[in-house]
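Any read-out appearing in this document is the output of simple, stated calculations on the displayed coordinates, not a laboratory observation. Predicted model only: the values in this text are computed from it and were never measured. Every residue, glycine among them, receives a Cβ derived from its backbone with ideal geometry; neighbour counts consider all protein chains shown.
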Amino acid sequence: MISEPVKWSDSLSGGYIKNKEMGINIITGSNKHAHTITNKESLYKAVNYMSSIKFSINNLLLDYLINDGSYLLDIDDGDKLQKDITLKIASTYKNIPFYLTIHAD
């Protein structure tokens with residue numbers, strides 16, 4: 001996400017902007033587990049703090065992997081398409097700070 005995620009609270013579904021409309025819960029997983037939250041404010045505070053951290057691509061590493069260090073991506077026999085997609089996404093966001101939304105489990 002390129003904008004800071006919506007803050008979680010008792011009255012607001014946080015994370016992605018669309019979560020407000022969808023009523024997404026801060027706790028992920030099956031409802032069968034019957035999770036109970038005893039200290040909601042601490043959970044909201046921790047998740048909101050972690051979601052507020054701005055990330056960026058390490059451009060030196062990305063440039064190295066694309067050019068001289070491409071052999072490092074070939075060390076394992078992983079999915080080449082996935083590696084190419086990951087590099088494309090990293091290249092797209094290399095000058096754009098972004099946020100990662102999180103939930104509790």
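Any chance you could run the full-extension gain for Ala46 through Gln82? It's 0.36 nm times the residue separation minus the Cα-Cα distance, nm to one decimal.
Between Ala46 and Gln82, full extension yields 9.8 nm more.
Modelled this way, with points 7 Å down the Cα-to-C-beta line, the labels at Asp105 and Leu62 are 2.7 nm from one another. Subtracting the Cα-Cα distance of Phe98 and Ser11 from 0.36 nm times their residue separation leaves 28.8 nm of extension gain.
Within the set of other residues whose C-beta is less than 14 Å from the C-beta of Lys45, count the net charge using Lys and Arg as +1 and Asp and Glu as -1. With Lys, Arg at +1 and Asp, Glu at -1, the neighbours total 0.
Among residues other than Pro97 with Cβ under 15 Å from its Cβ, the summed charge is +1 (Lys and Arg +1, Asp and Glu -1).
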